[in-house]
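The values are calculated or read from the model by the stated rules, or taken from the named source; none is laboratory data. All values reported here derive from a predicted model rather than from experimental measurement. Please note: Cβ atoms are built from the backbone with ideal geometry, for glycine as well, and neighbour counts cover all protein chains shown.
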Amino acid sequence: MSLLTELTDLVSQAFVDAGLDASYGEVVVSQRPELAQFQCNGALPAAKPAGRNPRGIAQDVIDRIEQDNRIEAASIAGPGFINITVTDTSLATHLQSTIAVGRLGLPEVEPRSILVDYGGPNVAKPLHVGHLRPAIIGESIKRLLRFQGHDVVGDVHLGDWGTPMGQLIVEVEARMPELPYFDEAFTGPYPQESPVTIDELEEIYPAASQRCRDNPDVAERARKATLELQNGRPGYRALWQHFRNVSIEAIKENYDELGVEFDLWKGESDINDLLAPLIERLVAQGYAEESDGSLIIRVQTDDDNRDVPPLILTKSDGATLYATWDLATIQDRIESLGIVEMIYVVDVRQSLHFEQVFRAARITGIAGPEIVLEHAGNGTVNGPNGKPFQTRTGGVKTLRSMLEDAAALSLSKMDARDLAAGYPQEERLSIAHLVGLAAVKFGDLSNHRESNYIFDMDRFTSFDGKTGPYLLYGTVRMSSLLRNAKEIGVSPGEIVPPTHEAERALLLELARFPEVIERAAELRAPNHIAEFAYELVAAYNRFYEACHVLTEEDTGRRAGWVGLVAHTRDALGRLLDILGIEAPERM
RNA sequence: GCCCUCGUAGCUCAGGGGAUAGAGCACCGGCCUCCUAAGCCGGGUGUCGGAGGUUCGAAUCCUCCCGAGGGCGCCA
């Protein structure tokens, strides 16, 4: 049980004993650490309905909780705040029992079957900077919920079924008309080898899309090809399958480099067989109706005081669209995977789309009321000028080159400050790589999920301040200390009651762990984890300065401190893991 | 036009109805015979965009206004 829960239970009971509602007893970390460690504000809202003076209530509660041996001091402040400080012994005991139980103080949860939909890369396009946020935020949310104890899967949800596929087909046909994929009389089998490499495909994609913009005839042929692809024309399917295969291979490599892993490599196309029966049902049951030749589902309700545009289920040529696929995908995830909660980490600009899809899913009964559908939207990455991030030449920057820049810049900063100087060059490169990754991830994840932020590589890779490298350095110092302890034969002992202020502060920081996790999970907000990780490292660094662990003469205290460091490293390691950040052994 | 998000220190950003609104950077000054100084300590900064409202209490909730960004039927 977390320390805050323990204290809340205690204070709530005091409120009950005083004839007041238990809900007033919530204890939170103090806003004024110089006055107390914890506070309860419940006396203030309790006063009015009870017709009592808030300070009187506070005193009443204090009189009751003071009896508890965990309480060092409890006092009234201001209009009726209750300030609480716990004994050093109870702090140590609490942390020791947390270590004994494991899970870093987290309560057990009722596991839910959750799917996080993030990534959304497109076939034939390399990952670029725009893919960074959903990838690492989604990965982090997945790991966070998984750590809580839920059954969580991540789905990359490949963009593989839309108009660009038709554009690719007509472009390849224009370039290589002799290929059998375009010959309707061809009876197969089609070649095993892809006619294009991923590099060629990445060049063909923008060219194809440009040609469609320039030439309405080409665009029309692409539209038709898309429809035929969706309808199952064999040659197109075979060619498209090659596009898909070579793309997935490249995309996997990209995500590997970023440290992002998906359990499912599904795409928009995977539910194609579900579409026809679904549409048929929706029409038959009157959910879908014709409008200007297309099929739509009206999702506006009488409660709306604004216009909510209808969801377009099929184009007037009969082709399906991403809203259609998303609907069918929801159905598929519920029916074939047993998912009860879907979290979409997708650009926040798509919020209207998701609102339409979610509404349609409810209205049509695809998702019952017990299913959670949530768009946890992400903001965008901007360049130093506040505009979308670009390369120097104005193009879209690939994710790979961004990560290479991060590693290179980290290495040059190491060189400039003569850091890790005696290490083998191979290890220095590997450190620079991890530092660069940590810099980029922490720089991103420490921002609120929905906000757009300015990407500043120089600031993110800085060795000073609130950065990824700072977190890694803290971790490395803990690991190093523990290695040294082991060498001199000191193993982690029982946590001792703190005697130094910095030591006490570290224990209090560690005690916050469960609430931070819970809050971050609730809000789908990795930035809370990032912030806490920073504060924990900062608290450790202050402890490290104030308490010289390995030269401590009191052997019980020394062992206890080693135990404290070990626990701190466990906690920090878990936080970094949730953030998807990996630390080197030394740096 | 309607809808969504944002507006907090010089800069980049946190902030959960509670007390005196925080962090990092930048700037100045200290600390390595000692576990990694990529560290620590000290030093000052605010009309929380504006105006109303709800509340014992508002950066936080509500309304309006100003400013920025984004979205709004057959792209994803």
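Descriptive notes on the structure:
- Scanning segment A:62-110 for residues that are assigned to a loop (DSSP other than H, G, I, E, B) and within 16 Å of RNA strand B (Cβ to nearest atom) yields a count of 5.
- The test for being in a helix (DSSP H, G or I) and near RNA strand B (Cβ under 7 Å from one of its atoms) does not hold for A:Val440.
- For segment A:466-490, the candidate set comprises residues that are within 6 Å of RNA strand B (Cβ to nearest atom) and assigned to a helix (DSSP H, G or I); within that set, the residue that is surrounded by the most Cβ atoms within 10 Å (Cβ to Cβ) is A:Pro469.
- All positions within segment A:443-465 that are near RNA strand B (Cβ under 6 Å from one of its atoms) and within 25 Å of A:Leu419 (Cα to Cα): A:Phe463, A:Asp464, A:Gly465
- Pair list, Cβ < 9 Å and 6+ apart or interchain, from segment A:450-461 residues that are within 18 Å of A:Asn378 (Cβ to Cβ) and of a type in the set (D, E, K, R) to residues that are in a helix (DSSP H, G or I) and more than 6 Å from RNA strand B (Cβ to nearest atom): A:Glu450/A:Val348
- Qualifying residue in segment A:383-390 (condition: touching a Phe, Trp or Tyr at 6+ places or on another chain (Cβ under 7 Å), assigned to a loop (DSSP other than H, G, I, E, B) and among the small types (Gly, Ala, Ser)): yes
- Taking the criterion of being within 33 Å of the chain's Cα centre (by Cα), within 9 Å of RNA strand B (Cβ to nearest atom) and in contact (Cβ under 8 Å) with a residue 60 or more places away in the chain, the only residue of segment A:281-320 that qualifies is A:Thr320.
- Count of segment A:27-48 residues, restricted to those that are within 8 Å of RNA strand B (Cβ to nearest atom) and in a loop (DSSP other than H, G, I, E, B), is 8.
- Checking A:Thr551 against (1) outside any helix (DSSP H, G or I); (2) more than 8 Å from RNA strand B (Cβ to nearest atom), the condition it does not meet: (2)
- In segment A:2-26, residue farthest from RNA strand B (Cβ to nearest atom) [restricted to those that are touching a residue at least 40 places away in the same chain (Cβ under 8 Å) and not in a helix (DSSP H, G or I)]: A:Ala18
- In summary, A:Glu501 fulfils each of the numbered conditions (1) touching a residue at least 40 places away in the same chain (Cβ under 8 Å); (2) within 26 Å of A:Glu34 (Cα to Cα); (3) surrounded by 16 or more Cβ atoms within 10 Å (Cβ to Cβ) with the single exception of condition (3).
- Set A:Leu429, A:Leu403, A:Leu419: member being assigned to a helix (DSSP H, G or I) and touching a residue at least 60 places away in the same chain (Cβ under 8 Å): A:Leu403
- Candidates are the residues of segment A:429-462 that are crowded, with 17+ Cβ neighbours inside 10 Å and among the aromatic types (Phe, Trp, Tyr); the one that is farthest from A:Ile581 (Cα to Cα) is A:Phe455.
- Close contacts from segment A:505-523, counting a first residue that is touching a residue at least 24 places away in the same chain (Cβ under 8 Å) and closer than 17 Å to A:Asp570 by Cβ and a second that is among the basic types (Lys, Arg) and in a helix (DSSP H, G or I), with Cβ to Cβ under 8 Å and a gap of 6+ residues or different chains, come to A:Leu506/A:Arg542.
- In segment A:41-54, the residues that are at positive phi never reach a residue that is more than 7 Å from RNA strand B (Cβ to nearest atom) and of a type in the set (Ser, Thr, Tyr) with C-beta atoms less than 9 angstrom apart, at least six apart or across chains.
- For segment A:327-353, residues that are within 13 Å of RNA strand B (Cβ to nearest atom), under 22 Å from A:Asp273 (Cα atoms) and in contact with a strand residue (DSSP E or B) (Cβ under 7 Å, 6 or more places away or on another chain) total 0.
- Per the listing A:Gly138, A:Gly105, A:Gly80, A:Gly130, the residue uniquely of a type outside the set (A, V, I, L, M, F, W, C), at pLDDT 95 or above and either touching a strand residue (DSSP E or B) at 6+ places or on another chain (Cβ under 9 Å) or farther than 23 Å from A:Val348 by Cβ (or both) is A:Gly138.
- Segment A:203-223 - residue that is more than 12 Å from A:Met165 (Cβ to Cβ) and among the charged types (D, E, K, R) and, of those, surrounded by the most Cβ atoms within 10 Å (Cβ to Cβ): A:Arg221
- Given (1) of a type in the set (S, T, N, Q); (2) closer than 21 Å to A:Glu268 by Cβ; (3) over 19 Å from the mean Cα position of the chain (by Cα), index of the condition A:Ser351 fails: (3)
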